Amino acid sequence: MTFIDRAGRLARPPHATLALALALALPLALPFGQADAAGGNPPVAVNAGAASPVSASAPSALSPVAATGTPGAVPPAPAAEDDRIRIQLVSRDQVDISSEIPAKIATLPLRDGDAFKAGQTLVTFDCSLYNAQLRKSQAEAGAAGDLLRVNQRLAQLHSVGELEVQQAAAKAKATNAEVAYMQATVSKCAIAAPFDGRVSKRMAAPQQFAEPGKPVLTLIDTSRLELKMIVPSKWLAWLKPGHKLEVQVDEVGKTYPAQVARIGAKVDPVTQTVDVTAEITGSMPDLLPGMSGWATFASR
């Protein structure tokens, strides 16, 4: 049906104008996907025949790892197993030397880093007072012994009673005990080295008064060094005492033979590791406690 307005021009029917207005307003009221469907434009995701920017079936040219069999694919590198373990050298014995008696230090010849031999005198104390007390106790012990012998002779002659003999014998025992006590005290006026080693630290000086129990020297045994390390607990299946290994010490740049001496008594449940102690074969004077390096184990 044709409509003519008052000016004599062709005009759209009212229902056509309303339909055009609804068509223009509908995409604004619908979601993105529905608006495309309503407007006659299908969504891109629905069109299976359209080319996707990144196809799931074809590897991207920018991907560093492609599927197996794809030309230009880079296979993942296998993890390399390293059997080297970090180690640290420690001294088997380390002691603090201190005085057992209150006395003034007479001689202390060694200083930090000095070496010594087992039995060598490390420190002496001024024991003139203790030596005098020893001589006094020895004199008293001699007099008590003489008195006991006289009383025993008089008892044979019935000149003294048995009580006097027993008292003289008790006094002789007491004086002899005093002599033994003073001899033990005087023997502590000098300290000898318990092993071959070196002085790690000197904490006193000559003419200084030494108190009992206060350290004077710190000694370390450098003749026998041990290796401390932490290994995975799964190694316990083949790692046993006596297992051979080689140790490369970083500070000297040399390699030394060693063997496992002891294995820790428990496994750390968190890290799944166990402590292992090894010993270097032979004497190595160029090695010092505190050095570190790498241990490489022999064939399992």
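Take region 86-133 and flag every residue that is within 14 Å of ASP196 (Cα to Cα) and charged (D, E, K, R).
Correct list: ARG92, ASP93, ASP114, LYS117.
Restricting the first residue to region 274-293 and requiring it to be closer than 14 Å to VAL249 by Cβ, which pairs with a second residue that is part of a loop (DSSP other than H, G, I, E, B) and among the β-branched types (Val, Ile, Thr) meet a Cβ separation below 6 Å and a spacing of at least six or different chains?
Matching pairs, first to second residue: ASP286/VAL252.
Quick check on region 104-119. Is at least one of its residues of a type in the set (Ser, Thr, Tyr) and either open to solvent by 30 Å² or more (accessible area, probe 1.4 Å) or under 30 Å from LEU287 (Cα atoms) (or both)?
yes
Filter region 136-177 down to the residues that are under 24 Å from GLU100 (Cβ atoms) and open to solvent by less than 80 Å² (accessible area, probe 1.4 Å), then identify the one that is nearest to the chain's Cα centre (by Cα).
Looking at residues that are under 24 Å from GLU100 (Cβ atoms) and open to solvent by less than 80 Å² (accessible area, probe 1.4 Å), I get ALA177.
The values are calculated or read from the model by the stated rules, or taken from the named source; none is laboratory data. What you see is a predicted model; the values in this text were computed from it and never measured. Cβ atoms come from the backbone with ideal geometry, glycine included; neighbour counts cover every protein chain shown. With ligands, DNA and RNA removed, areas are computed over all heavy atoms of the protein, side chains included. Shrake-Rupley method; radii C 1.70, N 1.55, O 1.52, S 1.80 Å.
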